[in-house]
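This report concerns only the one structure given below.
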Amino acid sequence: MLPKVQPPESKDAADTDESADAQTDEASNTDESETDLKAELEKWKAMSRKNEAQAKANASATKELEAIKQASLTDQERLIESTREETRQAVRLEYAAKLVDAELKSALTGKTLQGNALLDFNKSAFIDDSGDIDTDAIQAWVEAHTKPAEPSFPDLGQGERGKPNSGSAQIRSREELSNMTPQDILAARKDGRLDALMGKQ
C-alpha cells in the first residue's frame, strides 16, 4: 500500500499561520518594551529622589558650615562681614529698582497710562528681599492701569496750512461786506476770512 501523501498546505493557511506568529511576537515585544519603559521610569525616579535628598543634605551642611564660620569670627570680623552683606544688599536693591524701571518702560510700549496711575506705582512692591524683581506682577500692574495708545498719524504736509480760521467761511464778495459792521470786517480780516477777496489765496 502506498503511503498517503498529504496535499501541500494552501498559501492562505501558511500566511494565516505566519501572521498569527507575527502578532504573538509583536504582543510579546510590546509587553517587554512596556516593562522596559516602566523599569527605566522607576530607575530615573529613584535617581531623582536620591539627588533631591543629596541636595537637601548639601544645603543643610552649607548652613551648618556658615554657622560654625560665623561663630569662630571675632567681633571685628563679624562687623566687617555684616557691613559687606549690607552693602551687597543695598547694591542689589538699587540695581533692582533700575530693572523695575526698565521693565515698566518695556511693558508700557504702545500703551497709555490712565490718569495719575504712575503716582501709585511703588517700585519696592515689585522687588523681593533677595533683590529679584517680579516681572509678572509689573506686567499685571501695567495691564490694570493702561489702555491701548491712540495711533498717531504722520503729517504728510497735505491740506490747508497757516492760521486756522474761526470756523466761518471765507468772504468772497463785496456784497457780503456791505452787510457787516467795521468791527466785523476788521475781525474777519484778522481771522483771515478776507484773504480770498484780497487776493492772498
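Bear in mind these aren't lab numbers, they're just calculated from the coordinates by the rules spelled out. Everything numeric in this text was worked out from a predicted model, so none of it was measured. All Cβ positions, even for glycine, are placed from backbone atoms using ideal geometry, and neighbour counts span all protein chains on display.
General observations
- Given +1 at the Cβ of Lys and Arg, -1 at the Cβ of Asp and Glu and no other charges, the dipole of the stretch 75-148 around its Cα centre is 500 debye to the nearest 20.
- A convex hull fitted to the Cα coordinates of the stretch 75-148 yields 74 cubic angstrom per residue.
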